[in-house]
Amino acid sequence: MIAKPSEERLLIALQKKGRLADDSFALLKACGLRFAIRGGGLLARVKNMPVDLLLVRDDDIPSFVSNDAADIGIVGENVLVEEQLTGELDAQIAMRLGFSRCRLCLAAPERGTVQSADDLSSTRIATTYPGVTRRFLSERGIDAKLVEMKGAVELAPSIGVAESICDLVSSGATLEANGLAAFETILESEAVLIRSTRALPAAKADLLDKLLRRIEGVTTSSGSKYIMLNAPKAEVDAISALLPGSDAPTVMPLAGRDDMVAVQAVCTETVFWETLEDLKALGARAILVLPIEKLMS
Ligand code: ATP
Ligand code: ZN
């Protein structure tokens, strides 16, 4: 039995198994939620917070959130947009999560009749995303026939069901293995946290705010570094300007050195070797780049 969301415990719908599942679990664990996922269970209880996890197929997540079977959910933007376009749905993006990135692409056999979107008129396109594909076609004023499939779309051209396909692509290896080449991206997707437009009970709304702040802390800190270095006093401005994505570094005196200071800063953008070499060229010494585990601004 699926329990209806209670007044107190926030119910989060997650993919049980698949390309979203592990990263979704890892994100929540990084946010401090303690839970264990066991084999067949539909529900997992978070031990240290009033939160429960509803473990389902990704396709069901938007409608569960829309119909109040869950308070929030984590799902691919591709699935959310498709469901928004093909049905009445009260579910929207509360936060982008940055993982499970992929593209919904049109693709066709490498030397076939369809080589670009201009060739699609009066052809057949196989897809599991009829909503998003239809939207693209109508925006471009293209009159093509959709062949809706449940899976294995990449086989459609070789079995003569369609001249092209519209499918998810991440590395492109599956397309290549089937002799297909992508010629148009119609949607860029990543995992998103979704919620309905309805207000949550106060306790759950507070909990959701806390969770969103923690997710922000985890996602920003994953690319961030803490830089410590010693620098000639005269070069502090030039050195600060080189530190990627940091504002107002801390500058401190160094014992017994009038000409040098210690500089410390949080860098929210990637610190490349080139940056370190440029810092060194300006006289920076003892440069340390440290990972940041959590960040709350
Ligand atoms: P379920 O059993 O839950 O219905 P599924 O087979 O529909 O799973 P997965 O293949 O696990 O789904 O993909 C889940 C989501 O992961 C996709 O909807 C998409 O947002 C994302 N994703 C990332 N990379 C890829 C990829 N290369 N192919 C397909 N989906 C990808
Ligand atoms: Zn699915």
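Only one residue of Leu200, Ile93, Ile159 has its Cα farthest out toward the positive end of the dipole of the chain, where Lys and Arg carry +1 and Asp and Glu -1 on Cβ, and that residue is Leu200. Axis of helix 202-222 versus longest Cα principal axis of the chain: the two differ by about 70°, to the nearest ten degrees. When only the Cβ of Lys, Arg, Asp and Glu is charged (+1, +1, -1, -1), the dipole of the stretch 156-297 relative to its Cα centre reaches about 820 debye.
Its Cα centre serving as origin, the stretch 102-189 has a Cβ charge dipole (Lys and Arg +1, Asp and Glu -1) of approximately 220 debye. According to a simple spin-label model (label point 7 Å from Cα along Cα-to-Cβ), what is the distance in nm between Leu42 and Ala177? Calculated label separation equals 3.3 nm. Helix 21-30 and the long axis of the chain differ in direction by around 30°, with both axes built from C-alpha atoms.
Restricting attention to the stretch 102-189, close to 65% of DSSP beta bridges with both partner residues there are antiparallel. Taking the 0 to 90 degree range and rounding to the nearest ten, how far is the long axis of helix 130-140 tilted relative to the main principal axis of the chain, both from C-alpha atoms? The two axes meet at around 80 degrees. Annotation for the stretch 85-108 versus the stretch 243-274: alpha-carbon center distance of 40 Å.
Any idea which of Gly41, Leu146, Pro232 is furthest toward the positive side of the dipole for the chain, if Lys and Arg beta-carbons carry +1 and Asp and Glu beta-carbons -1? Value: Gly41. The charge dipole of the chain, taken about the Cα centre with unit charges on the Cβ atoms of Lys, Arg (+1) and Asp, Glu (-1), comes to about 1160 debye, rounded to the nearest 20. Accessible area per residue was computed with a 1.4 Å probe on protein heavy atoms; Ser138 scores about 90 Å².
Relative contact order for the chain: 18 percent, from Cα pairs under 8 Å spaced at least 6 residues apart, divided by residue count. Pairs of Cα atoms nearer than 8 Å and 6+ residues apart set the relative contact order; for the stretch 1-70 it is 43 percent.
Tell me, what is the 1.4 Å probe accessible area of Ile61, in Å² to the nearest 10? Probe radius 1.4 Å; accessible area of Ile61 about 0 Å². Using a cutoff of 8 angstrom between alpha carbon atoms and counting only pairs six or more residues apart, the relative contact order for the stretch 223-291 works out to 51 percent.
The values are calculated or read from the model by the stated rules, or taken from the named source; none is laboratory data. Note that this is a predicted model, so its numbers are computed, not measured. Please note: Cβ atoms are built from the backbone with ideal geometry, for glycine as well, and neighbour counts cover all protein chains shown. All accessible areas refer to the heavy atoms of the entire protein, side chains included, with ligands and DNA or RNA removed. Shrake-Rupley method; radii C 1.70, N 1.55, O 1.52, S 1.80 Å.
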